[in-house]
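Since every read-out is calculated from the coordinates, none of them should be taken as a lab result. Remember, predicted model here, so these are calculated numbers, not experimental data. We place every Cβ from the backbone using ideal geometry, glycine too, and count neighbours over all the protein chains shown.
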Amino acid sequence: MTRLKLFLLLLSITVIFMGCCLPSQALASQADRLILSGAVYNAQGKPVKEVDIEVLVNGKTVTPLGKDESIKSGSNGAFSAQFSLSAGTLPSAKVELKGQKPSWEPIAPTTLKIIDAGTDAKGDRLFNISQIVSLKRAVSPAFWFATIILVGVYVVISFEWMHRTLAALLAAALILFITYTLGSYDKSYYILSFEDAMAAVDLNVIFLLLGMMIFVGVLKRTGMFQFLAYKAYAWARGNVFILSFVLQFLTAVISAFLDNVTTMLLVIPVTIEIALTLKVHPLTFLIPQAFASNVGGTATLIGDPPNILIGSYTGLTFGQFVSNLTLICLLSLIVSCFYFLWWHKKEYMKADVGDVEKTIALLREQYKITDRKLMIQGLVILGFTILLFALHGFLHMQVAVAALIGSLLLLAISRVDIVEMLEREVEWPSLMFFIGLFVVIAAAESTGLIQQIANVVLQASQGNLTIAVIMILWVSAIASAFIDNIPFTATMLPIVLFLSESFGLPRDNVLWWSLSLGACLGGNGTMIGASANVVTVGMAEKAGYKISFVEYMKMCWWPMIITVTMCMVYLLIAY
Amino acid sequence: MAIKSIVCGVTGSAHAQKAALEAAALAKRNNARLTYVYVVDAGFLKGSVGGMSMSIAQEGLERLGQQILEFAEKLAQSYQIIPGTIVRTGPVLEVLKQIVLEENADVLVLGHEERSFFDKLLFKGSVEDHIEELKKLTGADVTVIR
């Protein structure tokens, strides 16, 4: 009974409340209703999200209807809001809009044009406003922080003052720390939100690298790489010129699909042993191999980290990389092979071939396939994965999906322990380096630094595409010869995108190939230009065969210049 | 002081091979025990690659070390000396110190390694920069063959 009474009481209160409200609603229906819609774009016509919009009626800020008391532009730059004002306010009112976003110049109060849209069913007078707002970048303290941090990462990595993973992650953490400390008090210090930082991490790149690391981790257990190097010797049958040529080609082909550094690390000991057998200085084989490894890696989307970054950022397919880059890489490889054969001809002529059959037998004994079944499984599934790479554009599938399905299928079939694989074979520091780097670049983009650099490049190219192509190619090549080409490419991605849009180019445009060829092949110029070079020189030095920085440059700078020049001619003719 | 035990650090370089030969001659003259050491130190990769590459590099260098020591053994045999050989992984200075102490060596023989400014910058440090430290830590005499 008590519950029934309570229910009746509540029902009565509700009815009375509704009775009271109805007249007031009827009163509200005599209001002026303002419907605002619009969008915010930057100077390049790209939407700008999270801009705080404020509407003023007769100089006073008005609050929009609904849950959100503030108006923010969405990811497509659009914003909308409704306002209810006292009847008769709007026809004679001065309605203004202003806005702000950290690292952008504030939108000064702009008077809006009101359009009378009649009356709705409730009797409210409707007024519409539609406004497109253009936002300009501002050089704020956040800009300077992002600049200092980005430059700091480059310097620290270049001089190896810190492990590159620590440098990138520390920089990313610093960006977020500044954002949520100084940026909380003063918006001009606001660099990048945590959400935007996480959104900037390209998981397509991370999982693609992870998948390919698993492939290498499994295949290296089979002894296949060393076996192939021994086979190169067997095919050459003591002819040092043919041997060097085959070793370079072999390294290039493997590097087109697998990590350059690992490829080099696996073939270096065999190459040194072969060189010692022939009484030839090992570096005369090793340096051309490292060079070939970088050229081979340039030929495909998965061959070199800069290409992985470009492919994922632009959505360019594996097939597009092959059709645009493989031919020029093949030509570059042939030219560089012959260059090195000529350069080392005196050393090769001195080779003491000795008893070839005996050496072949010795190497065969040492470099056997250690697990034939695993090798066949690995190669079949790698072939299947490459097929998926070739089809990923057609299937609208990210390359990371192909790499993951292939590598995980291989683990499932081969019964290789996934925990051991993840613990020992996956280079987590490299993956974390990429994560940190993505955040640092996103900060540079968010604060307008990238835009500033892009403007400088655009001005320098005088709006001429040919100049832009040549400039990107050579700047990338020379820069990559001295600094890590991964952060360089990551920085260049938004710059090249901006230039592509400024030139009105399609998605698969020449500027990307220019960046790829410059960043990947430029690394060949010095011993520090590419990880494969550092590893090769370091391993050789540890074995007692050293080469100085200048000697390395003497050997590799000109072939690098020749190959990049070939690429420039190719790009200018083909596009 | 009588020399009873000699440790010689060996790589494939010409200076190191010369040092191996000198060490063998010294062992012959003093009728001392000779131990050739190859140190696997892939520390130079730390800044640029991760764990998997480090382990591959170490495996590769171990294999190379064995071959280099085999070659050094042949050099020692020209003095009718049969040396002991050790391949060990770790920072060069640390490993050399350990082995000199383990072998109770009176002399540590090393080959001179030339390094340019850039090489020093890239592949930081050289054993030669720490000779006094090695002498102090091990009590052994350290000879660098040029």
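Assigning unit charges at the beta carbon (Lys, Arg +1; Asp, Glu -1) and nothing else, what dipole magnitude in debye, to the nearest 20, does the range A:31-134 show about its Cα centre? Show your work: numbers first, answer last.
On the way: 12 positive and 11 negative charges, 20 e Å.
Result for the range A:31-134 is approximately 100 debye, rounded to the nearest 20.
Principal axis extents for the range A:391-461, Cα atoms only, whole Å, descending order, please.
56, 33, 19
Listed highest first by mean packing, meaning other Cβ atoms within 10 Å per residue, what order do B:23-34, A:441-452 come in?
Details: B:23-34: 19.3, A:441-452: 24.7.
Result, highest mean first: A:441-452, B:23-34.
Once all Cα-Cα distances of the protein assembly as shown are split into 20 Å bins that start at 0, what whole-number percent is in each one?
Calculated over all Cα pairs of the protein assembly as shown, the distribution is 15, 39, 26, 13, 6, 1 percent.
With 10 angstrom as the radius, rank A:Y180, A:Y348 by how many other C-beta atoms surround their C-beta, starting from the fewest. Display every interim value, and only then the final one.
On the way: A:Y180 14, A:Y348 21.
Fewest-to-most Cβ neighbours within 10 Å comes out as A:Y180, A:Y348.
Expected output is a single nm value to one decimal: the length gained when fully extending between A:R372 and A:S92, i.e. 0.36 nm times separation in residues minus the C-alpha distance. What is it? Walk me through the numbers before you get to the answer.
Details: separation 280, 0.36 × 280 = 100.80 nm, distance 8.59 nm.
In short, 92.2 nm is gained.
Check cross-link reach from A:K98 to the aspartates and glutamates: straight Cα distance under 18 Å, and skip same-chain residues fewer than eight apart.
Hits, sequence-local ones excluded: A:E50, A:D52, A:E54, A:D68, A:E69.
If amide H atoms are built 1.01 Å from N in the plane of the peptide, which residues on other chains or at least 5 residues away come under 5 Å of the amide H of B:V142?
B:L108
Mind pulling the per residue volume of the convex hull built on the Cα atoms of the range B:1-116? Å³ is fine.
Working: hull volume 11.6 nm³, N = 116.
So the per-residue Cα hull volume is 100 Å³.
Quick check on the exposure proxy: order A:I360, A:I175 from fewest to most C-beta atoms within 10 angstrom. Walk me through the numbers before you get to the answer.
Working: A:I360 16, A:I175 27.
The order, fewest Cβ neighbours first, is A:I360, A:I175.
Averaged over A:530-537, how many beta carbons belonging to a partner chain fall within 10 Å of each residue's beta carbon? Walk me through the numbers on the way to the answer.
Details: counts 1, 5, 1, 0, 7, 8, 0, 4.
The shielding value for this peptide is 3.
Only bridges whose two residues both fall in the protein assembly as shown count here: according to DSSP, what percent of them are antiparallel, nearest 5?
Working: 27 of 56 bridges.
DSSP beta bridges in the protein assembly as shown are roughly 50 percent antiparallel.
What share of all Cα pairs of the range A:101-246, in percent, falls into each consecutive 5 Å distance bin?
Calculated over all Cα pairs of the range A:101-246, the distribution is 2, 7, 9, 9, 9, 9, 8, 8, 8, 7, 6, 5, 4, 3, 2, 2, 1, 1, 0, 0 percent.
For A:L192, what residues show an amide H to amide H distance below 5 Å, using hydrogens built from the backbone and excluding near sequence neighbours?
Result for A:L192 returns A:T179.
How high is the FRET efficiency from B:I131 to B:E22, r the C-beta distance, R0 22 Å, rounded to 0.05?
Numbers: r = 16 Å, r/R0 = 0.73.
About 0.85, to the nearest 0.05.
Please compute the contact order of chain A in relative form: average sequence separation of alpha-carbon pairs under 8 Å and at least six residues apart, divided by the residue count, as a percent.
Details: 944 pairs, mean separation 89.4, N = 575.
Value for chain A: 16 percent.
Other chains near B:57-69: what is the mean number of their Cβ atoms within 10 Å of each residue's Cβ? Provide the component values of the computation, followed by the final result.
Details: counts 11, 1, 4, 12, 8, 1, 6, 12, 3, 0, 7, 4, 0.
Mean inter-chain Cβ contacts per residue within 10 Å come to 5.
What is the fewest-to-most order of A:S332, A:S134 by other Cβ atoms lying within 10 Å of their Cβ?
Values: A:S332 31, A:S134 12.
Sorted ascending by nearby Cβ count, the order is A:S134, A:S332.
To the nearest whole number, what is the average tally of beta carbon atoms from other chains within 10 Å of the beta carbons of peptide A:563-571? Could the numbers behind the result be given before it?
Details: counts 0, 0, 0, 0, 0, 0, 0, 0, 0.
Across the residues of A:563-571, the mean count of other-chain Cβ atoms within 10 Å is 0.
Given the pairs B:K18/B:K136; A:K546/B:K97; A:K279/B:K97; A:K279/A:K373, which span a C-alpha to C-alpha distance of over 29 angstrom in this model? Show your work: numbers first, answer last.
On the way: B:K18/B:K136 25 Å; A:K546/B:K97 24 Å; A:K279/B:K97 33 Å; A:K279/A:K373 35 Å.
As for pairs spanning more than 29 Å Cα to Cα, those are A:K279/B:K97; A:K279/A:K373.
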